[in-house]
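Just so you know, all these numbers are worked out from the coordinates, no wet-lab data involved. Small disclaimer: the values here were computed from a predicted structure and weren't measured. All Cβ positions, even for glycine, are placed from backbone atoms using ideal geometry, and neighbour counts span all protein chains on display.
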Amino acid sequence: MAGIRIEHVTKSYGGLTVLKDFSLDITDGEFVVLVGPSGCGKSTMLKILAGLEEASSGKVSIGERDVTDLAPGDRDIAMVFQNYALYPHLTVRKNMGFGLKMRGTEAGEIDRRVTEAAKILGIDHLLDRRPRALSGGQRQRVALGRAIVREPLAFLMDEPLSNLDAKLRVHTRAEISALHKRLGVTTIYVTHDQTEAMTMADRIVIMKDGEIQQIAHPDTMFREPANLFVAGFIGSPGMNFLQSPVTSAGNGAQARLFGQEVPLLVANASTLAGRDAVFGLRPEHISAGPGPVSFEVQPRLIESLGSEQYVYVDLPPENRVGQTPHATAEEDGRGNALIARLINPDGAPLAERLTLSFDPARLHVFDAVTQEAIR
Amino acid sequence: MKRNCLDSVLLYATAILTCALLVFPIYWLVVTALSEPDQLRQLPPKFWPDQPRWGVFAQILAERPILQWLGNSALAAIGAVTLSMTVSVLAGYSLSRFKVRGGQSLGLFILTAKMLPATLLVIPLFGIFRQLELIGSLWSIILAHATLIIPFTTWMLKGYFDTIPRELEQAAMVDGCSPLGAMVRVILPVSAPGLAATALYGFVLSWSDYAYARTFLTNAQTNWTANLGITTMKGEYVSNWSDISAASILVALPILLIYLFLERYLVGGLTAGSDK
């Protein structure tokens, strides 16, 4: 096991820079998740770490060793690929033992380690099968087994759950976390799924357009997003955004939301006085019934998930954000709507007109120009 | 339901007709070989001889050095295929995996050799082989056949390698293989169906050549290939078509056996299970 240090790594293809000055220190045994939308450079960074891509500039160290110019096989890392990349002409046993064989490990030791890893993953009964005779979940376990059997300094995982169905994904997610706790090996995990990032990571590195947006513990990232992009990306459903000019009010500042003046409780809100700001409000921080700031709405759509309901309402025109700050396609057009996530254990039908409310202390404030969070 | 039945009838009828069209020349070759020469032109034609000449094959083998010609053909084809596959595998893999400046143009340039008719290359090749003192040697047709086979097999293999996920060799490299090691240990075994099909194509091309053999193997008949040998059985005034047909069957048999042997590799699906 070892820590990993990435220093000022950039990657360009001709004139296109896909990774810009990426620096990250990963401590020994840490589980770090690189997350971001497609094309943000997370997989490129992982391949540079693995030695499968060459960095245009910068330095990568694993443990105390500079591995920037080393071949993938000399870095003592193991990688789990999105499509598993199992060798189709070899049995599960030979797939798992391939890396050890390449390193000249003696046959008895290979067999012992393969059997042990297979038992940990519950695939010891599949050792003599070929990959084509396995289900998707079993192939995924074999890919994991091939990684752990080598006892490498670090695991690199490139969206290893994205080919599994939703139920199996949740199950395997928990298994990978448990495996990490058991083995304690430094792990860098790439995903575009913020739920995976939130549930598995010790630290999340969120990326956009080749740049790091924020590095933080999942809870910190959820509660204190650094900018509009992070705020919109983390959380499901994503954060609601409302726009309003900020005005001074006594010693503080206020904004006009849902037709009423709402005091802004963040310390530096008054620095925005006279300018537009974007306000973030998480769907789960909106309640049914009256509260500190109440407003009446007519739901546009109600989605019921059994114990909770997502209520979609139109934003007042003056609070609509011109351009949605989050990049995911399914959230396009969210600038006009607000989603409230209401806990409704009894499944009682909601009325045609609803009173919703929120606590101003829950509002996140962002500079409309720089998109940075104001605290 | 009725429509399905009609579809099946049409499907089977088309399949049977197609098979009949393809198999008939082979059937007629057998009939010709087994018939007495004077029965060949009789009308109406006989679709099976009254007294098949089963001994014709032994007779041909005794009268002509067919086995030696077959051996020469086999040596030439194996040599040409080995040389071509060695070059094509490396070239096809490089074209598939490495993006280098001018790579696309280089690939197309290789293909232009395939666009030239074989007869156009005979004269320059003859000049080259005469300089190298290879005229009359099997090496001449091994090299000449390779010039025909390599362009096509390179592109055929490039296309096959393109279908194999890059992650397979990336996984092998993370596991400790060099790029060449990843190709040899992982990509080539996975490509067995493509390699078999390509090698078979090259083998058939070499086996069926006549023009190059006629031009370069001008000395003693012990150096002739099977195709060249068979054509010498045709006389200027009289040709024994029954014997020629019997010899043709003997020459076609090896290809048939090789096809049967390679058939399981020709069926794709070996890569099944490598990914999702």
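Numbers for the structure displayed
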quantity	calculated
Estimated FRET transfer efficiency when R0 is 41 angstrom, pair B:Q104-A:S56 (beta carbons, to 0.05)	0.95
In Hz, Karplus ³J(HN,Hα) per residue of region A:38-52 (6.51, -1.76, 1.60; θ = phi - 60°; x = Gly, Pro)	4, x, 7, x, 5, 5, 4, 4, 5, 5, 5, 4, 6, x, 7
Filter on A:K59/A:K119; A:K42/B:K114; A:K208/B:K99; A:K47/A:K94; A:K119/A:K167; A:K11/B:K114 - keep pairs with C-alpha separation over 32 Å	A:K59/A:K119; A:K42/B:K114; A:K11/B:K114
Shielding of B:177-186 by partner chains, average beta-carbon count, 10 Å	3
Rg/Rh for chain A, where both radii come from Cα atoms and Rh is the Kirkwood radius	1.05
q = 0.09, 0.10, 0.13, 0.14 Å⁻¹, chain B: log10 I(q)/I(0) [Debye, one scatterer per Cα]	-0.60, -0.72, -1.03, -1.10
Extension gain, B:D162 back to B:Y201 (0.36 nm per residue minus Cα-Cα distance, nm)	12.1 nm
Sorted by Cβ density within 10 Å, fewest first, the residues A:D202, A:D128	A:D128, A:D202
Sequence-distant residues sharing a close amide H with A:N227 (under 5 Å, placed H)	A:A373
Long-range HN-HN contacts of A:M79 with modeled amide H, under 5 Å	A:L156
Proximal charge balance of A:R223 [Cβ under 13 Å; K/R count +1, D/E count -1]	0
Cβ neighbours within 10 Å from other chains - mean over A:128-135	2
For region A:55-112: rounded, prolate or oblate by the Cα gyration tensor [a/c cutoff 1.5]	oblate
For region A:24-36, Karplus couplings with θ = phi - 60° (6.51, -1.76, 1.60), whole Hz, Gly/Pro x	7, 10, 10, 7, 4, x, 7, 10, 10, 10, 8, 10, x
14 Å Cα-Cα reach of B:K46 towards aspartates and glutamates, excluding residues that sit fewer than 8 places from it in its own chain	B:E36, B:D38
Debye equation applied to the C-alpha atoms of region A:102-144, log10 I(q)/I(0) at 0.17, 0.26 Å⁻¹	-0.49, -0.94
Rounded FRET efficiency, nearest 0.05, which uses the C-beta distance separating B:F47 from B:T231 and R0 of 35 Å	0.80
Distance from region A:1-48 to region A:109-161 (C-alpha centre basis), Å	26
Nearest 10 degrees, 0 to 90: helix A:92-102 Cα axis against chain A principal axis	70
Kirkwood Rh in Å, taken over all unlike Cα pairs in the protein assembly as shown	31.0
Net charge over other residues, Cβ less than 13 angstrom from the Cβ of B:S191 (K, R count +1; D, E count -1)	+1
Under the Karplus curve 6.51 cos²θ - 1.76 cosθ + 1.60, θ = phi - 60°, whole-Hz ³J(HN,Hα) for region B:159-171, x wherever Gly or Pro sits	x, 5, 4, 4, 7, 8, x, 4, 4, 4, 6, 5, 4
